[in-house]
Amino acid sequence: MPRSSDHPIDRIFLDRQSPRSFTDDEIPEAELLTLLEAARWAPSSSNIQPWRFIWARRGTEQWKQFLPLLLPGNRRWADRAAALVFIVSATERVKSDGTSAPSATHAYDAGITSGFLALQAHMRGWSTHFMAGIDKDGARSALHVPDSFAIHTAVAIGRRGPAEALSEELRAREVPSDRRPLDETAFEGRFPADP
Ligand SMILES: Cc1cc2nc3c(=O)[nH]c(=O)nc-3n(C[C@H](O)[C@H](O)[C@H](O)COP(=O)(O)O)c2cc1C
């Protein structure tokens, strides 16, 4: 059943979902770059843009390196995605005097860019599925991510496939998720005593 909202919103927010079933469709490099281009235009604190994206498309040499970096529970379905993108962000920012200081917002900024990526993908008929279930140490080493960057997620991107293509166990999870009601999420004036 299609998801519904408490208040009227654009369908894009309801129809975007994180599937585990993907078709065999490949994603052209130019198309993947369009999705990452949208992510590049996300807002960030002081426009620092701490994010970096490290990508591979299925069927390439890099793909063979990327797949083992997913934890097994994710690898068993994400191996059918058309692309994988690791999202990392700089944990330090350069201040106006040229010295570095810890960035208080890099993870927040990485979250916003991820949202832009997901929505641009959806608008162009691609599904995204973010995964925190990754081997971060392995990714740091295999993808040459400097210590000054935090590794957040990998996102699987592909055309959504039929739930029937999944194993019984995964098929049972291929259902639209719901959300906590808005009146338990947004509060006028103050945080409630009993949240
Ligand atoms: C930061 C983050 C990490 C996630 N990690 C995983 C993961 O490792 N494996 C997985 O199957 N789904 C993962 N998800 C997907 C969420 O479970 C999913 O977005 C959530 O249940 C809401 O469903 P929806 O995206 O279909 O609306 C992750 C999502 C986010 C944003």
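The numbers here are math on the coordinates, done by the rules we state, and not lab data. Computed from a predicted model, the values in this text were never measured in an experiment. Every residue, glycine among them, receives a Cβ derived from its backbone with ideal geometry; neighbour counts consider all protein chains shown.
Some points to look at:
- Over the chain, equivalent-ellipsoid semi-axes from the Cα gyration tensor in Å: 27, 26, 16
- Computed [θ] at 222 nm, helices only, for the chain once each DSSP H run of length n ≥ 4 contributes -39500 (n - 2.57): -8500 deg cm²/dmol
- Springs join every pair of Cα atoms under 10 Å in this Gaussian network model of the chain, and among R11, R180, R140 the largest mean-square fluctuation is at R180.
- Gaussian network model of the chain, springs between alpha carbon atoms under 10 Å - residue of L36, L182, L84 with greatest fluctuation: L182
- Within the shell of other residues whose beta carbon sits under 13 angstrom from the beta carbon of M1, the net charge comes to -1, with Lys and Arg scored +1 and Asp and Glu -1.
- Under 11 Å, Cβ to Cβ, from A78 - net charge with Lys/Arg +1 and Asp/Glu -1: +4
- Neighbours of A110 by Cβ distance under 15 Å: Lys/Arg scored +1, Asp/Glu scored -1, total +2.
- Net length available on complete extension from D194 to M1 is 66.3 nm, with 0.36 nm assigned per residue and the Cα-Cα distance removed.
- The Cα atoms of region 99-195 cover 54, 47, 27 Å along the three principal axes, with the biggest extent listed first.
- The GNM of the chain, with springs linking C-alpha atoms under 10 angstrom apart, assigns the highest mean-square fluctuation among S96, S45, S127 to S96.
- Charge dipole of region 1-142 (Cα centre as origin; +1 on each Lys and Arg Cβ, -1 on each Asp and Glu Cβ, all else neutral): 260 debye, rounded to the nearest 20.
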